[in-house]
1. Looking only at segment 115-133, filter to residues that are modelled with pLDDT under 75 and part of a helix (DSSP H, G or I); which one of those is least open to solvent (accessible area, probe 1.4 Å)?
2. Mind listing just one residue for me: the one in segment 13-70 that is exposed (fewer than 14 other Cβ atoms within 10 Å of the Cβ) and of a type in the set (S, T, N, Q) and, of those, modelled with the lowest pLDDT?
3. Only residues that are farther than 19 Å from Ala31 by Cα, more than 13 Å from the chain's Cα centre (by Cα) and surrounded by 14 or more Cβ atoms within 10 Å (Cβ to Cβ): list them for segment 72-105, please.
4. Please verify whether His65 is over 13 Å from Val116 (Cβ atoms) and out of contact with any His (no Cβ under 6 Å at 6 or more places or on another chain), treating the condition exactly as stated.
5. Taking segment 84-107, which residues are hydroxyl-bearing (Ser, Thr, Tyr) and in contact (Cβ under 8 Å) with a residue 12 or more places away in the chain?
6. When you look at Arg4, is it farther than 20 Å from Arg110 by Cβ, in a loop (DSSP other than H, G, I, E, B), open to solvent by 40 Å² or more (accessible area, probe 1.4 Å) and free of Cβ contacts under 8 Å to residues at least 40 places away in the same chain, yes or no?
Amino acid sequence: MPPRRNAGLYVSSASVTDALFAELVQVFDTAQDFAEFPPLPGYIHPVPDSEWALGEQPAEIYARHRQTRFPEYLAKPVVILDEQTARDKSMLVLSPLLTDDGVFVLHGVRFDARKVPGAAVNLEISNQDLDDVSK
């Protein structure tokens, strides 16, 4: 069985403190949407050497994540802790969305930290798209 790949985690705002970062990662590692599915520690994982993401727009972070092609990280979704995260602890989850015209566009939805691992798994396996997962 191949090793599990992780959903990439980036920080785009200096307002996200180390303490807040650690708190949110702890939530990711222990979150359990359904009793029959165990938590996934380490699944939402910080991408190494990603300090370049500070101050970048979500689309740029996603594009660079895809271009870099980290073998240990999924191509989708990407999780971003941004300025709004520092205010309300919600985070942005990005994933491509197929439009009715057959074109992929980048789409982002804000989630509470406890919902991010379950949303990421559904996006990874293409069980649901980002709009469906956010409902």
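1. Leu130
2. Gln32
3. Gln84, Ala86, Leu97
4. yes
5. If the condition is that a residue be hydroxyl-bearing (Ser, Thr, Tyr) and in contact (Cβ under 8 Å) with a residue 12 or more places away in the chain, then Thr85, Ser90, Ser95 are the ones that fit.
6. Details: farther than 20 Å from Arg110 by Cβ: yes; in a loop (DSSP other than H, G, I, E, B): yes; open to solvent by 40 Å² or more (accessible area, probe 1.4 Å): yes; free of Cβ contacts under 8 Å to residues at least 40 places away in the same chain: yes.
Criteria met by Arg4.
The values are calculated or read from the model by the stated rules, or taken from the named source; none is laboratory data. Keep in mind that what you see is a predicted model, and the values were worked out from it rather than measured. Using ideal geometry, Cβ is built from the backbone for each residue, glycine included, and neighbour counts are taken over all protein chains shown. The protein model used for the area step is the full one, side chains on, heavy atoms only, and it has no ligands, DNA or RNA in it. Shrake-Rupley method; radii C 1.70, N 1.55, O 1.52, S 1.80 Å.
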